[in-house]
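A short write-up of the structure that comes next.
Nothing in this text is a laboratory measurement; each read-out follows from the coordinates by a stated rule. The model shown is predicted, which means the values in this text are computed figures rather than measured ones. Counting neighbours? That spans all protein chains shown, and the Cβs are built from the backbone with ideal geometry, glycine included.
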Amino acid sequence: MRPHPHWIDYSVIGIYFTFVLGIGFVLKKYMKTSADFFLSGRSIPAWITGLAFLSANLGAQEVIGMGASGAKYGIMTSHFYWVGAIPAMIFVGLFMMPFYYGSRARSVPEYLKLRFDEKTRGLNAISFAVMTVFSSGVSMYAMGKLLQLLLGWNFNAAIIVSALIVLAYTFLGGLTSAIYNEVLQFFLIVIGFIPLTFLGLKDVGGWEGLKARIGNDAMVHSWKYLGSPSANPMGVEWFSMLMGLGFVLSFGYWCTDFLVVQRAMAADSMTSARRTPLIAAFPKMLFPFLVILPGMIAGVVSAATMSGHTSGGVPAKAESEVVSQSGPGGAISLEGGKGIIPPKVDESGKPLVKDGKVVLDYDLATPMMLVRYFPSGLLGLGLCALMASFMSGMAGNTTAFNSVWTYDIYQGYINKTASDQHYLWMGRAATVFGLAVSVAAAYVARQFNNIMDVLQLVFAFVNAPLFATFLLGMFWKRATGHGAFCGLLGGTAAAAVHHGITLPMGSVPGVKGGFLGVVVHQYPSEMAQNFWTAIFAWTTCFTITILVSLLTTPRPDGELKGLVYALTDRPKDVDLAWYQKPAVLAVVVLTVLVVLNWIFW
């Protein structure tokens, strides 16, 4: 039996919380204006904003969600990095950051106001605010489950405590506090997960041993089985993978989501802002080995040996192990589970069964790996790594929310003439009620057994149509405010209609789709449904924006300088060594990316 958390584990956690809160208290005296609080005064060097750019995305969806997807879909989950992140990060660094940073916009919605009009900005600000509090709630839900599982805390109490800690350091130090904490959290996550991956791979006999234990070739290849949805565990084909994830969802998130763009906008120069996502791309490419592999290992290691070591050459029993893992909060039954992944349970504590199959709680794959492999002390470090990822996600969404609320909603529509100190106060107030709404969103996330599924659905509704608007706005000067507004409305409506008339197989009408009463198509998985929802949303927005723009009057070229690619001076990277230039960094990133895709083809 694995040891319960020891005093040394709690000491490690206590030291981490002290550092996190200490950063907020130290930086509070520097938060004198709203620009300091929301944009860090645009004074942070590229390597720090680069790590913060990456770490802001290292929330529950990264560590818990990717581990869950690794257990559920295998190495195909790497597409969320090598297809669904890196190309878009290169694009935003080379082509889009000059618009954001050069326009001096304080937020993504404010850029939409400068390029289009007020109503387009308002629509995006409201939809983004909803998305950020929901994403923060997902991280809060994952942290609550973690503390309940490993420390025996009450789920409700765990959510409240995590919210209060994030509230403390973002309320005090604003974006600067969040960024420096994100850098600290990045290193904690890396240090905490390297030994977890190493111990897991050693236990199963390395990569070859893992492939042998999984016994499903489609789980260990990323491209080989994308010819047909029925041939791979994700239930998608190459077109929906490339178009849905690789283009629409990926570019929609990395190029338009203020959560990550805000970090680059805090850089100390245009060149630093352009290098920010490119610097982040290097560690981002390697994260599948830290977060996906533990999920894959969790599905095949033997639950019967939680206190010992499995024999290297004998495949572990994967299904229906009758084992309980004890924790401070009681026993976690693995009966009906897979490896050390427990089943979801109903209110009576019995495993949930759907269509004759036990519903697995994939979100617990990574936490159970910590219990499986880490002794006292190292377990505390692993817990800190997980909590760092959750708090990073919560803080990132919170700082993005308070900026958009204050600048684009409150100042834009409620109080346009207040003093700078009043807006600083409002930003802090927004931090409080944003986290309060996130608590409610945490309970909605309990409806899913893989938080990546629900997050990609949210992105399909918000980011997919928004990317079509940005693409046309930045590269087609004929696009108009009326076209952008109608396109965003139409794209979001198309996402709702598609989701409302489709269902993943084995699901019932409700939050997973089919809520319009007529199900015209069933997808093999939630992820396949999400990809196609994004495709329909993007295509609808793109088409409507073009049609309405052609029927309405465009703005004169003089008003679009610095906002449209053809009317913007190209940034010149002077006084930089060749290896520091954004274009050179981009070529190196692309080369490594091609190699990784080839190795795991």
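Counted as membrane-span-like here are DSSP H helices of the chain whose alpha-carbon atoms extend 24 Å or more along the helix's own axis and whose Kyte-Doolittle mean is 1.0 or above; these are 7-28, 155-204, 270-298, 378-403, 451-475, 526-551, 582-599.
Packing, as the average of other Cβ atoms within 10 Å across residues, places the peptides 389-398, 527-536, 110-119 in the order 389-398, 527-536, 110-119, highest first.
Under a straight-distance cross-link criterion of Cα-Cα below 16 Å, which lysines are reachable from Lys202, leaving out those fewer than 8 residues away in the same chain? Straight-line reach from Lys202, under 16 Å: Lys211. Its DSSP H runs of at least 4 residues, each contributing -39,500 (n - 2.57), put the calculated 222 nm mean residue ellipticity of the chain at -20000 deg cm²/dmol, to the nearest 500. Using only side-chain charges placed at the Cβ, +1 for Lys and Arg and -1 for Asp and Glu, the dipole size of the chain relative to its Cα centre rounds to 720 debye. Just tell me which lysines come within less than 27 Å, Cα to Cα, of Lys561; anything on the same chain fewer than 8 places away is out. Cα-Cα hits under 27 Å: Lys113, Lys119, Lys416, Lys477, Lys572, Lys581. Counting DSSP beta bridges with both partners in the chain, what percentage is antiparallel, nearest 5? About 75 percent, rounded to the nearest 5. What label, among (1) 80, 61, 58; (2) 71, 55, 50; (3) 58, 51, 49, belongs to Cα extents along the principal axes in Å computed from the structure on display? Only one listed value fits the structure, namely (2).
For trypsin sites (Lys or Arg not before Pro), the sites in segment 349-453 that DSSP calls loop and that have at most 11 other Cβ atoms within 10 Å are Lys416.
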